[in-house]
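Quick notes on the structure that follows.
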Amino acid sequence: MKKVAFFMQKMTSGGVEIALLHLLNRIKDNNISVDLYLMKKDGLNLSKIPSYVNIKEIPMKKLERNFLPTGGWKEAVFYNLNKHQFINVMAIIIKKVLYRKQTFAELCFNPKNVYCIDEAYDLVVNYHIHSPFLLWYCALMVKANKKVAWIHNDFSSTGYAIDKLKDCVYSYDDYYCVCYQNKNEFIEIFPDLASKCHIAHNIFDKDMIFKSGQFFPEEYKDLEGTIILTVARLTHDKGIDLLIEAAEKLVQNNKNFVWFVVGEGSEKDELISLIKAKNIDAYVKLIGYKANPYPYFKNCDIYVQTSRTEGYVTTVVEAKNFKKPIVCTNVCGSYEQLRNGELGLVCDINSNSIYNSVKKLLNNENLRASLVHNLENNLDVYNYDWLNIFKGE
């Protein structure tokens, strides 16, 4: 039996976590034993992990785990604030001051408080190379015959100075990129690793997605006008502030719509205040996290992604599966996914460009119908079978 270990930060509601769930559901095999190690055994998607996966925490002292700024300083502060762990918040802020010259927030820890894993594996999968901690930990603290890393995000817009972690990067045998832009940027940084760098589009279970989208959302009932949907965390990188500004312009131009935003995040309160300040409460509705967002995809009229940074946009793939007219900002992978004008519209990362693209779809039923027709006849394949990677074949 092959022993495989995956490593992730935690199981939040992000696209990387959703992609991991789909992948784990696809690699069930009697000849593969799967462990999933998390920096923190937490997150809204924790309960969705398949039963045959053994969930474990990376071994470290409780103090280190509590104060490890998973996802960066700001996210760690809001995470602890939401849990009313105010002592942790103060400790994280103090730690930031002490390590103010440290480039990587996740590497501000005492290595004596983080331990090796005794068990040896046939394959170790660092499923998020953009976590400096995971990059370091899998490289140095885990024994395996082979180690691979998944690259979900670009390096230019995220500002991830991975070249400063060169020694850790070179500890891996292969690198799997979810889109060509990620691959090209990685090879530009590490040209001698080009032969070890591969494309691996995220795996999605289309049958599960369609089955999960069968009921009609209560929030959509008795609505007049076009239903626009965005599914994203309420954080700066997802550009919900740009969405609100674009929606305000649509209202000023007398467009009839309701724009739903599914998701939670650290900027929720300030986004609600911004919506109220612009007096567009009737048009933009933040409806929180939904364990099953697929009915919202199935029954919307237009899907819009307003992100400032992305990898291969998970929600765009999901909207494509439901054959929805799509607008997506020009983030990593968007042109590859939408082939601008053919399968959806790609716009610049600003509120005016988002507004113009959404307005174009609202005004032009023929364009919307054309995009839907192209999606229905699209032959892109995302369900690659990567089982052989985990079998070591």
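The values are calculated or read from the model by the stated rules, or taken from the named source; none is laboratory data. What you see is a predicted model, and the numbers here were worked out from it, not measured in a lab. When we count neighbours, we look across all protein chains shown, and the Cβ atoms used for this are built from the backbone with ideal geometry, even at glycine. To get the accessible areas, we keep the full protein, side chains included, count just its heavy atoms, and leave off ligands, DNA and RNA. Shrake-Rupley method; radii C 1.70, N 1.55, O 1.52, S 1.80 Å.
Do you know which of the residues in the range 207-246 that are polar (S, T, N, Q) and within 15 Å of Glu318 (Cα to Cα) is most open to solvent (accessible area, probe 1.4 Å)? Checked the range 207-246; the qualifying residue most open to solvent (accessible area, probe 1.4 Å) is Gln214. For the range 4-18, name all the residues that are part of a helix (DSSP H, G or I), aliphatic (A, V, I, L, M) and in contact with a helix residue (DSSP H, G or I) (Cβ under 6 Å, 6 or more places away or on another chain). If the condition is that a residue be part of a helix (DSSP H, G or I), aliphatic (A, V, I, L, M) and in contact with a helix residue (DSSP H, G or I) (Cβ under 6 Å, 6 or more places away or on another chain), then Ile18 is the only one that fits. Taking every residue in the range 132-150 that is under 17 Å from Lys112 (Cα atoms) and among the aliphatic types (A, V, I, L, M) and pairing it with any residue that is open to solvent by less than 10 Å² (accessible area, probe 1.4 Å) and in a helix (DSSP H, G or I), at least 6 positions away or on another chain, the pairs with Cβ-Cβ distances below 8 Å are Ala139/Val169.
Note on the range 32-72: among residues that are among the hydroxyl-bearing types (Ser, Thr, Tyr) and part of a loop (DSSP other than H, G, I, E, B), the one that is surrounded by the most Cβ atoms within 10 Å (Cβ to Cβ) is Thr70.
In the condition set (1) modelled with pLDDT under 95; (2) over 24 Å from Ser334 (Cβ atoms); (3) open to solvent by 40 Å² or more (accessible area, probe 1.4 Å), Asn256 is compliant with all but (1).
Of the residues that make up the range 58-78, is at least one at pLDDT 90 or above, at negative phi and within 24 Å of the chain's Cα centre (by Cα)? Quick ask: steps written out before the conclusion?
Of the residues in the range 58-78, the ones at pLDDT 90 or above are 58-61.
Next, only the ones that are at negative phi stay: 58-61.
Pick out the ones that are also within 24 Å of the chain's Cα centre (by Cα) and you get 58.
Yes, some residue in the range 58-78 is at pLDDT 90 or above, at negative phi and within 24 Å of the chain's Cα centre (by Cα).
Considering only residues that are over 17 Å from Phe6 (Cβ atoms) and surrounded by fewer than 19 Cβ atoms within 10 Å (Cβ to Cβ), look in the range 117-140 and name the one that is nearest to the chain's Cα centre (by Cα). Only one residue tops the list, namely Leu140. Check whether at least one residue in the range 301-312 is charged (D, E, K, R) and either open to solvent by less than 10 Å² (accessible area, probe 1.4 Å) or out of contact with any helix residue (DSSP H, G or I) (no Cβ under 9 Å at 6 or more places or on another chain) (or both), and report yes or no. No, the range 301-312 contains no residue that is charged (D, E, K, R) and either open to solvent by less than 10 Å² (accessible area, probe 1.4 Å) or out of contact with any helix residue (DSSP H, G or I) (no Cβ under 9 Å at 6 or more places or on another chain) (or both).
Quick check on the range 260-269. Is at least one of its residues open to solvent by less than 10 Å² (accessible area, probe 1.4 Å), more than 19 Å from Ser13 (Cβ to Cβ) and among the aliphatic types (A, V, I, L, M)? Checked the range 260-269: no residue is open to solvent by less than 10 Å² (accessible area, probe 1.4 Å), more than 19 Å from Ser13 (Cβ to Cβ) and among the aliphatic types (A, V, I, L, M).
Looking only at the range 342-368, which residues are open to solvent by less than 40 Å² (accessible area, probe 1.4 Å) and farther than 21 Å from Leu250 by Cβ? Let's see the steps before the verdict.
Taking the range 342-368 as the starting set, the residues that turn out to be open to solvent by less than 40 Å² (accessible area, probe 1.4 Å) are 343-347, 351, 353-355, 357-358, 361-362, 367.
Of everything in the range 342-368, just one residue is open to solvent by less than 40 Å² (accessible area, probe 1.4 Å) and farther than 21 Å from Leu250 by Cβ, namely Leu343.
Looking at Tyr160, Tyr172, which one is aromatic (Phe, Trp, Tyr), assigned to a loop (DSSP other than H, G, I, E, B), out of contact with any Cys (no Cβ under 9 Å at 6 or more places or on another chain) and open to solvent by less than 40 Å² (accessible area, probe 1.4 Å)?
Working: Tyr172 fails: out of contact with any Cys (no Cβ under 9 Å at 6 or more places or on another chain).
None of the other options fit; the residue is Tyr160.
Scanning the range 293-323 for residues being farther than 22 Å from His152 by Cα and among the hydrophobic types (A, V, I, L, M, F, W, C) gives a total of 4.
Could you tell me whether Val178 is open to solvent by less than 60 Å² (accessible area, probe 1.4 Å), among the aliphatic types (A, V, I, L, M) and modelled with pLDDT of 95 or more? No. Evaluate the following for Asn279: is it under 21 Å from Phe210 (Cα atoms) and surrounded by fewer than 24 Cβ atoms within 10 Å (Cβ to Cβ)? Here the answer is no, as Asn279 does not meet what is asked.
Taking the conditions exactly as written (over 17 Å from the mean Cα position of the chain (by Cα), polar (S, T, N, Q) and surrounded by fewer than 24 Cβ atoms within 10 Å (Cβ to Cβ)), does Asn292 satisfy them or not?
Values: over 17 Å from the mean Cα position of the chain (by Cα): no; polar (S, T, N, Q): yes; surrounded by fewer than 24 Cβ atoms within 10 Å (Cβ to Cβ): yes.
When the stated conditions are applied, Asn292 does not pass them.
Identify all residues within the range 185-206 that are surrounded by fewer than 17 Cβ atoms within 10 Å (Cβ to Cβ), touching a residue at least 40 places away in the same chain (Cβ under 8 Å) and not in a helix (DSSP H, G or I); write none if there are none. If the condition is that a residue be surrounded by fewer than 17 Cβ atoms within 10 Å (Cβ to Cβ), touching a residue at least 40 places away in the same chain (Cβ under 8 Å) and not in a helix (DSSP H, G or I), then Asp205 is the only one that fits.
How about the range 292-318: which of its residues are hydrophobic (A, V, I, L, M, F, W, C) and under 13 Å from Ser334 (Cα atoms)?
Once the filter is applied, which keeps residues that are hydrophobic (A, V, I, L, M, F, W, C) and under 13 Å from Ser334 (Cα atoms), the range 292-318 yields Val304, Val313, Val316, Val317.
Every condition in (1) more than 30 Å from Phe186 (Cα to Cα); (2) free of Cβ contacts under 8 Å to residues at least 24 places away in the same chain; (3) in contact with an Asp or Glu (Cβ under 7 Å, 6 or more places away or on another chain) is met by Lys278 except one, and the failing one is (2).
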